[in-house]
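To start, the structure under review is shown below, and the notes come after it.
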Amino acid sequence: MASDSGAGFFLVLEGGEGGGKSTQADLVVQWLRQQGRTVLQTRQPGGTPVGSRLREILLDPATGALDPRTESLVYAADKAEHVATVIAPALARGEVVVCDRYVDSTLAYQGAGRAIDATELARVAAWATGDLRPHLTVVLDVDPEVGLVRAGRAGDGHDRIEAEPLEFHRRVRRHFLDLAAKRPDEYLVVDADREPGSVHADIRAALESRLLTEVRP
Ligand SMILES: Nc1ncnc2c1ncn2[C@@H]1O[C@H](COP(=O)(O)OP(=O)(O)OP(=O)(O)O)[C@@H](O)[C@H]1O
Ligand SMILES: [Mg+2]
């Protein structure tokens, strides 16, 4: 189960580029609000003022190559600030937090680069977040060839991550699926190569039972 997170519910959307995280986050937030929930919608990197600046550094192609440890620590700094000042307080207030990417993205992307030992990466991320784990992580699973085309169409040009070779994105996908397989109770893997409405319906179904049991009315 998730670590102590007050009375709230922590939902994370994960997956490779163009899987539909932003699209599904909007849909699920809209639905949760219709259910009368108080929802905080946020994302990583970038969910705080300092995080927005870190996000620019991390995604701007002009940043160029970063030493893998540096990159890990910048991601970790974003997470530490975000959990401490945004996510944990919202959960303590009993809200539903919907976050676009979280620790698993760091593990999958940096792990796929194979530059840093996976256990060390996980330790740094756990330290940064005070070991706060989501109640549910939805992995929007899509072939990277499909996802990258979608993300490219969405339009803000190729960022530092999207510019990685296809093989890198295949390893990222595999990482997400492996993480999900290790803790099936905390994950929902959704085939994201379908209509957004069908994907949303699966997410809603998974949330309906969990929210009834885990969130204070
Ligand atoms: N199920 C879907 N089928 C087809 N197109 C989709 C689907 N979901 C989202 N899209 C479209 O694909 C593009 C990328 O979607 P979205 O931005 O939601 O993905 P993302 O996972 O947030 O991407 P990124 O990793 O770039 O943040 C958008 O143009 C969106 O409208
Ligand atoms: Mg997005």
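Residue by residue, here is whether (1) farther than 22 Å from Trp31 by Cβ; (2) at pLDDT 95 or above; (3) in contact with a Phe, Trp or Tyr (Cβ under 6 Å, 6 or more places away or on another chain) holds:
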| site | (1), (2), (3) |
| --- | --- |
| Tyr109 | yes, no, no |
| Val124 | yes, yes, no |
| Gly152 | yes, no, no |
| Ile161 | yes, no, no |
| His175 | yes, yes, no |
| Leu179 | yes, yes, no |
| Arg183 | yes, yes, no |
| Glu186 | no, yes, no |
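Have a look at Leu140, Leu148 and point out the one that is within 16 Å of ligand 2 (Cβ to nearest atom), under 25 Å from Glu56 (Cβ atoms) and outside any helix (DSSP H, G or I). Give the steps one after another, and end with the answer.
Working: Leu148 fails: outside any helix (DSSP H, G or I).
Answer to the selection: Leu140.
Here is a list: Ile203, Ile116. Which entry is in a loop (DSSP other than H, G, I, E, B) and aliphatic (A, V, I, L, M)? Quick ask: steps written out before the conclusion?
Numbers: Ile203 fails: in a loop (DSSP other than H, G, I, E, B).
Only one candidate qualifies: Ile116.
Of (1) assigned to a helix (DSSP H, G or I); (2) within 11 Å of ligand 1 (Cβ to nearest atom), Ile161 satisfies all except one. Which?
(1)
How about the range 155-196: which of its residues are within 14 Å of ligand 2 (Cβ to nearest atom), loosely packed, with under 11 Cβ neighbours inside 10 Å and at negative phi?
Result: Asp156, single match.
Where the second residue is buried (at least 16 other Cβ atoms within 10 Å of the Cβ) and not hydrophobic (A, V, I, L, M, F, W, C) and the first is free of Cβ contacts under 8 Å to residues at least 12 places away in the same chain and lies in the range 117-143, which pairs have Cβ atoms under 7 Å and are six or more apart or on separate chains?
Short answer, once both residue conditions are applied: Ala118/Gly111.
Considering the range 1-42 alone, what residues qualify as being among the acidic types (Asp, Glu), within 16 Å of ligand 2 (Cβ to nearest atom) and either at pLDDT below 95 or in a loop (DSSP other than H, G, I, E, B) (or both)?
Passing the criteria: only Glu17.
Just to be sure, is Arg69 without any contact (Cβ under 8 Å) to a residue 60 or more places away in the chain and closer than 27 Å to Leu188 by Cβ?
Numbers: without any contact (Cβ under 8 Å) to a residue 60 or more places away in the chain: yes; closer than 27 Å to Leu188 by Cβ: no.
Criteria not met by Arg69.
The values are calculated or read from the model by the stated rules, or taken from the named source; none is laboratory data. Being a predicted model, the structure only gives us computed values, none of them experimental. Every residue, glycine as well, gets a Cβ built from its backbone with ideal geometry; the counts of neighbours run over all protein chains shown.
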